Structures are given as C-alpha cells and as structure tokens.
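Derivation of every value follows stated rules applied to the coordinates shown; laboratory data play no part. All figures in this text were calculated on a predicted structure; none of them were measured in a lab. Backbone-built Cβ (ideal geometry, glycine too); neighbour counts: all protein chains shown.
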Amino acid sequence: MPGHPRSDLARLRVAITVFFALDGFIFAGWVVRIPAIKHQTGASASALGLALLGVSAGAVLTMTLTGRLCRRFGNHQVTVTCAVLLSLSVALPPLTHSALALGAVLVVFGSAYGSINVAFNSAAVDLVRALRRPIMPSFHAAFSLGGMAGAGLGGLVAGALSPTQHLLGLTVIGLIVTAVTGRTLLRLQPPEPPENTPGEAAAPRRLDRRTRGLVITFGLIALCTAYGEGALADWSALHLQQDLDAAAGAAAVGYSCFALAMTIGRLTGTRLLERLGRTRTMVFGGSTAAAGMLVGALAPSLWAAFLGFVITGLGLANLFPVAVERAGALTGPDGVAIASTLGYGGMLLGPPAIGFMADWFSLPAALTSVAALAATAALIAFLTRRATAP
C-alpha cells in the first residue's frame, strides 16, 4: 500500500497486539486482588458486588463516547491515552477504605477499560482491512495470554506484596509499556482502506437504518458469546463443587480448562477463518459451543464436565472477535462501540441470570442457557449470512 510498506504494517500489528496483552494483564492483576481489597474495605459480599458493578457501569457508559472520540482524534491516539488512564486507575482500588469509595474508583477504572477496548479494536479492524487477512482472533488471543500472565503474576506475589504495592507495580509496568509501544502506534498512521475487490468488504459507511441493523446483529452474536464467558467465570467452579462433588482445587481447574481452550482457539483462529470464512466459523463455533456446554452442564462425571468446558471454549473462542471485526468493518469505531457495548451487556447479564435460574430450577439447568445462547448465535449468523456477507 502506498505510504504503508509491509514493515510498517508488521510493526503496527505488534504494537496493537502489545496493547491487547497489556489490557488483559492489568485487568487480571486487579481481579486476583479483589479478595484482599474486600477485606481491606470491610465490605460485605453484597456491598462488594454492588461496588464491582462500577467496572461494568463505567465501561458501558463510555464505550459509545469512545467511538466518537476515535472518529475525531484517531484510534491510535485514543488507544494510547486510554492505556495511560487504565495504568493509572488500576492503582486506585487499594487506596479506598469503604465499598462506596471502591465503587467510585471502579467507575473510573471501568471507563478506561471499556474505552481502550473500543479504541484498540477499532485500530485492529483498520489493520485487518489493510492486510486482507482475518487476523482479529490473534489480537484477542494476546488479551487472553496477557490475562493468564497477569493472574499468574498476581498469584506469585500475593503473599509477598500488599495490594497497594502490587497494583502500583502494574501502574509502573503499564506506563513503561505504553511509553515504549505508544511511540510506535502514534508514529504510524492508520492504514487506509485498500481498493475494494469482489468479495471484500466495502469501506466503513454511515449508520443508516439497514447498517445499524447489521451492526446490532453482530452485537447480538457478541452478547451471546460474552454471556457464556461471564457465566462460566462466575458459576463453573460452584457447579463442579456442588453438583459433581469436586474438591475446591479441581473445581478451579474447570474454568482454567475453558480459558485455555479459548486462548488456543483464538491462536488458531486466523487459519480457521481463512479455511471456513467468517459466517461458517461463527455457525460452526456456536454449534460446537452449544454441544460442549450441554456436556459441561449435564455430565455425570467431573472429567466429562472438563471435556465439555474445553469444547465450549474452543467453540466460543472466535465468535466475539469476528463479530466485533465485522461491526467495525461496516461503520468503523461506531460499529465497534455498539457491538462491544452489547457484548459487555451479555457479560453483565450472564452471572445474575444464571443465579436466578439456578434458584428457580437447578444450576445445571441454568447453565444450559449458555448452550441455548451459543446456538442462538450460530442461528443468527446462519440466517443473516446473505445480508452480512462482505
């Protein structure tokens, strides 16, 4: 491409990948210190739950605004700015001493977290278009790997460092990484869309009624996927302990199997997309996840449940990245913001919905709703295959 030699595009891909990984690293580092911060603030379980909603509230409230900021100032500039804010805000939770104060600072942290997700996904969409390769899953794999590294580091230092020291260390790491990698991102201009050829997506267009409907369609697929991620994160261990009599350590392995399978699925996602295409990948992935979750929820043995979680992770792995990429390809940052907001809404909806259904029926029955929504995602992708084709 004129003005963007392959070497520049390669450096841009590395820089965007680093920001995805940094986001996962910082977020996971915060998550593993939640128990210590709960103790520090003296919050009850219900008060902590309300405070934690601050992350989600901040993210949902700012995602649409971030889409507009990206259009005005540029995806790269907004990504770097939000990385600085994310790095600074992660140090705030251990400085609080009440649930109310914790909730307030988590709104700030959630705003930075939601905003950077819109910004770097929008930057990734531009690069996917320029490279003409479906590499979006590789960025989300970096987020997953960053999360695994952040959680692992948090586990190692939990006994030696206080939450304040640990999270302040994440601030320093985040600012250093942003200073180094951000220079590359700011120096390189976003690649211009290539000339369209048959079978390729048109340049991003304005949000008319039909286009908004298509973006919402991809957002619903993202919602169905994120619902499953949120539900498994919060309920898989309890299901294994309560319904299959697993020990606490074995129960924790269940979610690890799911998360690792998602990471592997995303690392191999580009090859899968090149072989099957976006629509078939979403149909196949949703169907696979539905079958896997039925096994995970209803299996009579622990090992069968583990296998079900692995299959579910592999199936869900590429649905969210593809949905966000297609929404962004249609309308740029606005599409990314809408799909991300709906997806994040699914992650919010999953855990409480599972809780209510578990009270009404049983936890295994409630977890089958993950299978139902995965199948719904596959059905949406199949029924809209012509309308949403590039």
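Subtracting the Cα-Cα distance of ALA36 and ALA250 from their residue separation scaled by 0.36 nm leaves 74.8 nm.
For LEU156 and SER46, calculate 0.36 nm times their separation in residues minus their Cα-Cα distance, and state this gained length in nm to one decimal.
36.8 nm
Of the DSSP H helices in the chain, those with a Cα length along their own long axis of 27 Å or more and a mean Kyte-Doolittle hydropathy reaching -0.5 comprise 6-31, 45-73, 99-131, 136-157, 163-187, 209-244, 248-267, 278-298, 333-360, 363-383.
Relative contact order for the chain: what percent, with Cα pairs under 8 Å and sequence separation of 6 or more? Relative contact order, the chain: 23 percent. This structure gives Rg and Dmax of the Cα atoms in Å, computed directly, and of (1) 23.5, 73; (2) 23.1, 86; (3) 20.2, 61 that value is listed as (3). Can you grab the distance from the C-alpha centre of the stretch 230-293 to the C-alpha centre of the stretch 46-117, Å, no decimals? With the stretch 230-293 and the stretch 46-117 each reduced to a Cα centre, they are spaced 27 Å. Candidates LEU106, VAL18, PRO5 compared by Cα position along the dipole of the stretch 1-119: farthest toward the positive end lies PRO5, with charges placed on Cβ. Note on the chain: dipole from Cβ charges, positive end direction compared against GLY54, PHE361, ILE221; the farthest Cα belongs to ILE221.
Considering only DSSP states other than H, G, I, E and B, which trypsin sites (Lys or Arg not before Pro) in the stretch 97-191 qualify as loop sites with at most 15 other Cβ atoms within 10 Å?
Passing sites in the stretch 97-191 are ARG132.
With loop defined by DSSP as not H, G, I, E or B, and exposure as at most 14 other Cβ atoms within 10 Å, which is the longest segment of the chain clear of exposed GluC sites (Glu not before Pro)?
That would be 1-194.
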